[in-house]
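K.L.:
Got a structure for you, questions after.
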Amino acid sequence: MDKLTIQRSRIAYYSYSTINKEGEHFIAEHALSYLLAGSQEFYEDDNKHLFKAGDIRLFAKDQLGRFIKIPPPGGEFIVVTVRLDRDTLLDMSAALQLTARGIYKGSRVLKLPRVPLLLNYFHSLQPYYNIEQRPSDAVIENITSDLASLTKHQDESWELYKAKSISYGPSKTALNAYTVALAYQYKDKGFKINCVTPGWTSTDFNGHSGGKSAAENCINLAKYAMLDANGPTGQYFGEEGPMPW
């Protein structure tokens, strides 16, 4: 039986447990899709794409694709899809200062690498769905800042003591509070939800005055993005471990 379990705005969670399903679908908007369970064959013109559970795919808009969706033995075919409309892509392009380098002529179906950034994005959507078949090591990592620490702001010997903005720091303190509440709400569902600061990073935002490069400080973010089922939750971490609130 097919079922669209839930669809909110441009995010859809779809599952069914019948035998192999074959059909055609017109893709009207670019779509980022994560196959949670089962396998899928997708035919793009004369090209055949094979996908398995755990694959992340990007489908280009304005194409008619033929598909075969195959549930696992005794289970359900499950996929989460995020539709990327034109306004969203234009906003992202402006924010990231991206410009087209020409007309793209490659495949209109791309299999993306399973990098922590994409995996944790899809995992972060799962608290909003009633998903029983979720990864046992689901992690949500909220990126915070050293400036979120109210304790450190009281220490006059702290190197960032004078960095007291009325917007950035307080917004990260609020993010920390949200993280604690979210971790508590989902503490019995297996999620590991923490706030992590990459440390003082050299970026355009601070005139490249930070202590380390973005690549160096991403190591700390990756560490807490790959926690196992025994990892901590509801905590605030920095480069040296737990941070004072």
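The values are calculated or read from the model by the stated rules, or taken from the named source; none is laboratory data. Since we're looking at a predicted model, the values are computed, not measured. Backbone-built Cβ (ideal geometry, glycine too); neighbour counts: all protein chains shown.
K.L.:
Only one of these conditions is not met by ALA28: (1) of a type outside the set (D, E, K, R); (2) touching a strand residue (DSSP E or B) at 6+ places or on another chain (Cβ under 7 Å); (3) exposed (fewer than 13 other Cβ atoms within 10 Å of the Cβ); (4) modelled with pLDDT of 65 or more. Which number is it?
P.N.:
(2)
K.L.:
Among (1) within 23 Å of PHE122 (Cβ to Cβ); (2) modelled with pLDDT of 85 or more, which single condition is TYR43 missing?
P.N.:
Failing condition for TYR43: (1).
K.L.:
Can you tell me which residue is surrounded by the fewest Cβ atoms within 10 Å (Cβ to Cβ) among those in the range 195-245 that are assigned to a loop (DSSP other than H, G, I, E, B) and of a type in the set (Phe, Trp, Tyr)?
P.N.:
Start the filter on the range 195-245 by keeping residues that are assigned to a loop (DSSP other than H, G, I, E, B), which leaves 197-200, 202-203, 207-211, 213, 226-235, 239-240, 243-245.
Of the ones still in play, those that are also of a type in the set (Phe, Trp, Tyr) are 200, 245.
Details: TRP200: 20, TRP245: 15.
That would be TRP245.
K.L.:
A further question on this structure: If I ask for residues that are crowded, with 19+ Cβ neighbours inside 10 Å and part of a helix (DSSP H, G or I), which ones from the range 183-194 would you list?
P.N.:
Going residue by residue through the range 183-194, those that are crowded, with 19+ Cβ neighbours inside 10 Å are 183, 191-194.
Across the range 183-194, the qualifying residue is only ALA183.
K.L.:
Another question about this same structure. Going by the conditions given, is LEU175 within 27 Å of LEU96 (Cα to Cα), touching a residue at least 12 places away in the same chain (Cβ under 8 Å) and either aliphatic (A, V, I, L, M) or part of a helix (DSSP H, G or I) (or both)?
P.N.:
Values: within 27 Å of LEU96 (Cα to Cα): yes; touching a residue at least 12 places away in the same chain (Cβ under 8 Å): yes; either aliphatic (A, V, I, L, M) or part of a helix (DSSP H, G or I) (or both): yes.
Yes; evaluated as a whole, the condition is true for this residue.
K.L.:
Which residue is nearest to VAL82 (Cα to Cα), if the candidates are limited to the range 45-69 and must be outside any strand (DSSP E or B) and among the charged types (D, E, K, R)? So that I can check it myself, show each step before the final result.
P.N.:
Here is the first cut: in the range 45-69, the residues outside any strand (DSSP E or B) are 45-46, 53-55, 60-62.
Narrowing the set further to residues that are among the charged types (D, E, K, R) leaves 45-46, 55, 61-62.
Numbers: ASP45: 23, ASP46: 25, ASP55: 14, LYS61: 13, ASP62: 16 Å.
Among those that are outside any strand (DSSP E or B) and among the charged types (D, E, K, R), it is LYS61.
K.L.:
Okay, next question. Would it be correct to say that LEU147 is surrounded by 17 or more Cβ atoms within 10 Å (Cβ to Cβ) and more than 23 Å from the chain's Cα centre (by Cα)? Steps first, answer last, please.
P.N.:
Values: surrounded by 17 or more Cβ atoms within 10 Å (Cβ to Cβ): yes; more than 23 Å from the chain's Cα centre (by Cα): yes.
Yes, satisfied.
K.L.:
Can you name the number of the only condition in (1) surrounded by 12 or more Cβ atoms within 10 Å (Cβ to Cβ); (2) out of contact with any helix residue (DSSP H, G or I) (no Cβ under 7 Å at 6 or more places or on another chain); (3) modelled with pLDDT of 90 or more; (4) in a loop (DSSP other than H, G, I, E, B) that LYS162 fails?
P.N.:
So the condition that LYS162 fails would be (1).
K.L.:
Among the residues of the range 183-207, which ones are farther than 20 Å from LYS223 by Cβ and at pLDDT 90 or above?
P.N.:
TYR184
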